[in-house]
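As structure tokens, the structure follows; a few thoughts come after it.
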């Protein structure tokens, strides 16, 4: 029998979720978080002004794939699921495990689809296996490297059981990357466990990997030289990788920063035609330095992505840099739907603590 997730949450309501997609930073995060919570609570979603804050508003291919995947998970009736649509009606019928393949059709980010369906699948009543084709290392989206090394271990520490595997990398503009997500549900009556994250970057052990595909290998070497000049990375911690399997050309450089609690924070940047390798590496180094100098546990992007799992756990906290508009918008969406409270305390010297308080969602 299909479990009634809505009844498991004391604040659940039959009233539809009505949101204006232009709220806050007005991007795709409003769509992804509200879709996930519609699936988890069983409440209908009415979303207007989708991605109104973007140069090309409305649903693009990766956003449309998020809608399609969420609809398969929840058996939803959907209106407005088409390219460029700025309004959506999403009426879930339940919550089921999923075995499916989705091809975004472009270099649209597979990681954003994973963000949408991972948590709902943890509350389904059977194992799910989802294959996604599209971009795995693209700009303005979490890379597979980040998700697998930084985000996934934390969600597993909360009690989630899932595997996330890269079969082929996909870069902009060709895409063609392929990832597989296997999710085993929480035990009946279980929930996610809160996290308390306070560790900071360790003093040594930082390393960098530059990957090139169908472009000169010298691009990666130049990136690594620049990183070594700007960050405390020794020559033996610089690694070149040649990707011979990708569909099209591409480049990604990653810096792995060990933390005092044995976690790893990964920072990535993608090369772009016309942008010098030194510029790609310098911008990445600046992001890494901002994180390590703040002595916080969670970087700006991870802060955004931890809000929903901690809300489902009913609590937790972490130290981070100043919350971005993206993070504040995500918190606003979650608060509007679940009633979760997010408190942000400034600790000084660029450090902040985010506290999450609410009711846990039981499977």
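What follows is calculated from the coordinates using simple rules that are stated; it is not laboratory data. Nothing here was measured: the structure is a model prediction, and the numbers come from that model. Glycine gets a Cβ as well: all are built from the backbone with ideal geometry, and neighbour counts include every protein chain shown.
Within the listed set 169, 107, 93, the residue fluctuating most in the Gaussian network model of the chain (springs between alpha-carbon atoms under 10 angstrom) is 93. Dividing the summed helix terms, -39500 (n - 2.57) for each DSSP H run of n ≥ 4, by the number of residues in the chain produces a 222 nm estimate of -9500 deg cm²/dmol to the nearest 500. As a proxy for reagent exposure, 349, 245 were ordered by neighbouring Cβ count within 10 angstrom, fewest first; the result is 349, 245.
The convex hull around the C-alpha trace of the chain, projected and averaged over every direction, spans 16.4 square nanometres.
Diffusion of region 83-157 by Stokes-Einstein, at 10 °C in a medium of 1.306 mPa s and with Rh set to the Kirkwood radius over alpha-carbon pairs, works out to 113 µm²/s.
Annotation: region 252-363 has a Kirkwood hydrodynamic radius of 15.3 angstrom, from the mean reciprocal C-alpha pair distance. Taking a ≥ b ≥ c as the square roots of the eigenvalues of the alpha carbon gyration tensor, region 35-113 is oblate, as a/c is not under 1.5 and a/b does not beat b/c. Against the empirical 2.2 N^0.38 Å (N residues), region 110-218 has a Cα radius of gyration ratio of 1.23. Ordering 238, 306, 181, 312 by the number of other Cβ atoms within 10 Å of each residue's own Cβ, fewest first, gives 238, 181, 306, 312.
Here the contact order of region 207-293, divided by its residue count and restricted to Cα pairs under 8 Å and six or more residues apart, works out to 33 percent.
Extent along the principal axes, Cα only, for region 217-257: 34, 19, 14 Å, with the longest axis given first.
Working from Cα positions, state the angle (0 to 90°, nearest 10) between the long axis of helix 277-294 and the longest principal axis of the chain. Compared with the principal axis, the helix lies near 70 degrees. The long axis of helix 300-313 is offset from the longest Cα principal axis of the chain by roughly 30 degrees. Cα centroids of region 74-90 and region 183-244: 36 Å apart. Dividing the alpha-carbon radius of gyration of region 207-293 by the rule-of-thumb value 2.2 N^0.38 Å gives 1.05. Semi-axes of the equivalent ellipsoid for region 147-188, computed as √(5λ) from the eigenvalues of its C-alpha gyration tensor and ordered from largest down, come to 26, 12, 6 Å. The ranking of 264, 212 by Cβ neighbour count inside 10 Å, starting from the fewest, reads 264, 212. Once the mean of 1/r is taken over each pair of separate Cα atoms and inverted, region 31-74 shows a Kirkwood hydrodynamic radius of 11.0 Å.
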